Each structure stands twice: as structure tokens, then as C-alpha cells.
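Enquirer: Have a look at this one before I ask anything.
The values are calculated or read from the model by the stated rules, or taken from the named source; none is laboratory data. Values in this document were obtained by computation on a predicted structure and should not be read as measured data. Note: ideal-geometry Cβ built from the backbone for every residue, glycine included; neighbour counts use all protein chains shown. Areas reflect the complete protein model, heavy atoms only, side chains present, ligands, DNA and RNA absent. Shrake-Rupley method; radii C 1.70, N 1.55, O 1.52, S 1.80 Å.
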Amino acid sequence: MNFASDNITGACSEVLQAIVRHNEGPALPYGDDPLTAAVEARLKEVFETDLVALPVVTGTACNAIALSCMTPPYGAIYCHRDAHIHVDECGAPELFTGGAKLIPLEGGDAKLTPEALEAAVMGAGVVHNPQPAAVSLSQGTEGGTLYSLEEIAALSAVARRQGLKVHMDGARFANALVAQDCTPAEMTWQAGVDVLSFGATKNGCLAAEALLFFDKTLAVEAHFRRKRAGQLLSKMRFVSAQLEAYLENEVWLRNARHANAMAAKLSSGLCALPGVSALHPTEINEVFCRMPQALTDALLAAGFVFYDGYFGPGTVRLVCAWNTSEESVDALLDEAARLAERVQAAE
Ligand SMILES: *Cc1c(COP(=O)(O)O)cnc(C)c1O
């Protein structure tokens, strides 16, 4: 029973079948195939706007290439202190941008606030300071929470006033989208987002993400930067095949709804136990709790897999995925209830 992450899973059958289907026959290399063009056309429909879509195979590359098109090497990129680009990408954004500075900001529930952003932006035109260039927000966040449309728009308003481009890290974009019943357009370009890292790997693909440029002027150098980053796959059709299947028949939305529903059940079940409380509200497919260490230890010893101490001692992270079974959630909750009683009795 593994709740470590949403990338512990395989790929969903629709995606695997599409790879097999598109294995037949020749296709021009390096994304010059008709399937890659069809995926871009489909994304234009999904997002209800013109855009440039560039598939890549990791989220780190997606974020780092995106940001490198949004800042000069002497630029400043504002993000939350828990942001994946800041703590989990081994300095790739700094490398790909040629040395731009990530400026981590505080904010509750892993979210940036317009006030914190406004207060942090400084030094425009001052030769001694990194030059304000971009803000990056994760939707859903690294804390399993969501920005509302109003919150995204408020951050974008500060960004526009301060001359910053807006990047969205959408490693869990589908989970965030289905959680708030809005359109992809409303959650991105209509709220001021210039570039989206559209994640698909965690939610049912094998290895597929796409850079989506709503501001097409930023995409001009992206083609060269993607090649230089080793992300222009010669057999790009296999990445595009995944994205095609992912977007067809609402597979991406179905997968995300399931993952979110399992996380909601897990979260409310755990938080009903004595001594357990939510660290952040569970708004997508990730559950963050404070949990008595004895209970955490007992659950891990019983064979359940999840992160202990994710946001410091006494905190845990459990993630549900597109294929997390309801039985596995029930099994964890039953065992947790049994162990919680024993832990209490021992105290
Ligand atoms: C998983 C994840 C990524 C992408 O990570 P890769 O391992 O490089 O694919 C990016 N941002 C967030 C918030 C993530 O959770």
C-alpha cells in the first residue's frame, strides 16, 4: 500500500495503447510529425486560445526551460519557499536561465500572497540588484492546496504592475482544475498566466509534459532552448501519443477526479483520529497531516509507505494517484484507527 507519491504509478491503459498504436509506420522526427501538430491543435481547443505547445519529458525541464524564456540571466524569479523550482530541481532553473536568482517567499498553505510578492519586488533599474523578471506559482501547490481564480488574478495584477512575467508550474494541473470546476482558460491565461508547465506524467502518462506559451513571443527562443536541453526527442511521436490519449475522452479529468476523491476520503478519515489534524486543507490529491509519531511509526511498520517528516517532525505526506484503489484507502484508515487506539492506550 504505497502513498509515497503520484509518480509511483504506471501509466494508464489509454496512454499505453496510444504508444503502441503510434508505433506503426514512419513519422518525421523532432516533433515534425502530424501527431505532435494534432496535440498542439487539441491544446488550443482545450485552452480556447492560440498557443505554442512544446512537449518535453520531465517537469524539471519544463519549468527550467519555461523560466529561461522569461528572464534575463540577471533576473529575479519570485516563488514560494516550498516551490519545486526552489527546493526540488537541483538548481536547474538557475542553470537554464544562466544564473537568474530565485527569491523564495513566505506564505501560508504553500501559497504566495500578493502582499508578499509586492513587498519582495525591488531594485528595478538598480545596477546592484537582480532585475524583477518573473513570478512562478504552483497550481496545485506543493502543500496540496489550490489558488482560487481570484488569487491567481491578484498575483498576476501585481506581476503586471511590476513588469513580471507569470509562470505556472502545473505538475498537478488537472488535479487543480477538476477541484474547482473552472475551465483551463480561466485558470491560466484569462487569469494572467503567460507560460504553463502542463504536467501529465503524474496523472497517468509515462513521461510527458508540455510547455504551453500563451504569450507566443516568449516561445521563439524556447525551441532552441529545448533542443539545447536535450529535450527535443527524435521520436517525439511517443511523447505526443501520450498527450493525445491523455486529453482524449477526458482521461486527464477522470484520472484527476479519482485521485482527488481518494485523497479527500483519506484526509477526512485520518483527521477524525485522535491526535491527527490537517497541516493544510486537502484540496487536490495530496494529504498533509500532523500525526503522533507513535502512530506514524506503527503505520510504517505495518507496511504502509508514505513520507514521514515531510514538512518537519510530526508531519506526514500521503499522496493518492489516478489508480489508487478505494480498498487501499480503506485498509490504511482501518489500520490507522486500530493503531491509534493502541497508541492512545499506551500513553
Ligand atoms: C513532480 C513535480 C514537478 C516535476 O518533477 P520531475 O520529477 O522533474 O518530473 C514539478 N513541479 C511540482 C510541483 C511537482 O510536484
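Enquirer: In region 310-329, which residues are open to solvent by 30 Å² or more (accessible area, probe 1.4 Å) and not hydrophobic (A, V, I, L, M, F, W, C)?
Expert: If the condition is that a residue be open to solvent by 30 Å² or more (accessible area, probe 1.4 Å) and not hydrophobic (A, V, I, L, M, F, W, C), then TYR310, PRO313, ASN323, SER325, GLU326, GLU327 are the ones that fit.
Enquirer: Within region 111-164, track down each residue that is away from the ligand (no atom under 16 Å from the Cβ), among the aliphatic types (A, V, I, L, M) and assigned to a helix (DSSP H, G or I).
Expert: ALA116, LEU117, ALA119, ALA120, LEU149, ALA153, ALA154, LEU155, ALA157, VAL158, ALA159
Enquirer: Next up: Open to solvent by less than 10 Å² (accessible area, probe 1.4 Å), closer than 23 Å to THR201 by Cα and hydrophobic (A, V, I, L, M, F, W, C), is that true of ALA256?
Expert: When the stated conditions are applied, ALA256 passes them.
Enquirer: Could I ask something else about it? Taking the residues in region 116-149 that are among the hydroxyl-bearing types (Ser, Thr, Tyr) and without any contact (Cβ under 8 Å) to a residue 40 or more places away in the chain as candidates, determine which candidate is farthest from SER197 (Cα to Cα).
Expert: Among those that are among the hydroxyl-bearing types (Ser, Thr, Tyr) and without any contact (Cβ under 8 Å) to a residue 40 or more places away in the chain, it is SER148.
Yes or no, residue by residue, for (1) free of Cβ contacts under 8 Å to residues at least 40 places away in the same chain; (2) open to solvent by 40 Å² or more (accessible area, probe 1.4 Å); (3) more than 20 Å from the chain's Cα centre (by Cα):
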residue	(1), (2), (3)
CYS12	no, no, no
LEU16	no, yes, yes
ILE19	no, no, yes
HIS22	no, yes, yes
PRO29	no, yes, yes
GLU45	yes, yes, yes
CYS69	no, no, no
HIS80	no, no, no
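Enquirer: Here is a further query. Quick test for you: out of GLY10, GLY31, pick the one residue that is at pLDDT 95 or above and more than 28 Å from ALA263 (Cβ to Cβ).
Expert: Step by step, each of GLY10, GLY31 is checked, and only GLY31 is at pLDDT 95 or above and more than 28 Å from ALA263 (Cβ to Cβ).
Enquirer: Next up: So the check is Cβ under 8 Å with 6+ separation or different chains; which pairs have a first residue in region 220-233 that's closer than 17 Å to GLY59 by Cβ and a second one that's assigned to a loop (DSSP other than H, G, I, E, B) and among the aliphatic types (A, V, I, L, M)?
Expert: Pairs that qualify, where the first residue is closer than 17 Å to GLY59 by Cβ and the partner is assigned to a loop (DSSP other than H, G, I, E, B) and among the aliphatic types (A, V, I, L, M), are ARG226/LEU232; GLN231/VAL57; LEU233/VAL57.
Enquirer: Another question, then. Under the condition of being in contact with a helix residue (DSSP H, G or I) (Cβ under 9 Å, 6 or more places away or on another chain) and in a loop (DSSP other than H, G, I, E, B), which residue from region 92-110 is farthest from the ligand (Cβ to nearest atom)?
Expert: GLY98
Enquirer: Take the conditions crowded, with 24+ Cβ neighbours inside 10 Å, in the same structural domain as ALA133 (by TED's automatic domain parsing), within 28 Å of GLY144 (Cα to Cα) and touching a residue at least 60 places away in the same chain (Cβ under 8 Å) and apply them to CYS62. Does it pass?
Expert: yes
So that you can scan it fast, the table gives a plain yes or no per residue for (1) within 16 Å of the ligand (Cβ to nearest atom); (2) over 22 Å from TYR74 (Cα atoms); (3) open to solvent by 20 Å² or more (accessible area, probe 1.4 Å):
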residue: GLY170; (1), (2), (3): yes, yes, no
residue: GLN180; (1), (2), (3): no, yes, yes
residue: ASN203; (1), (2), (3): yes, yes, no
residue: ASP215; (1), (2), (3): no, no, yes
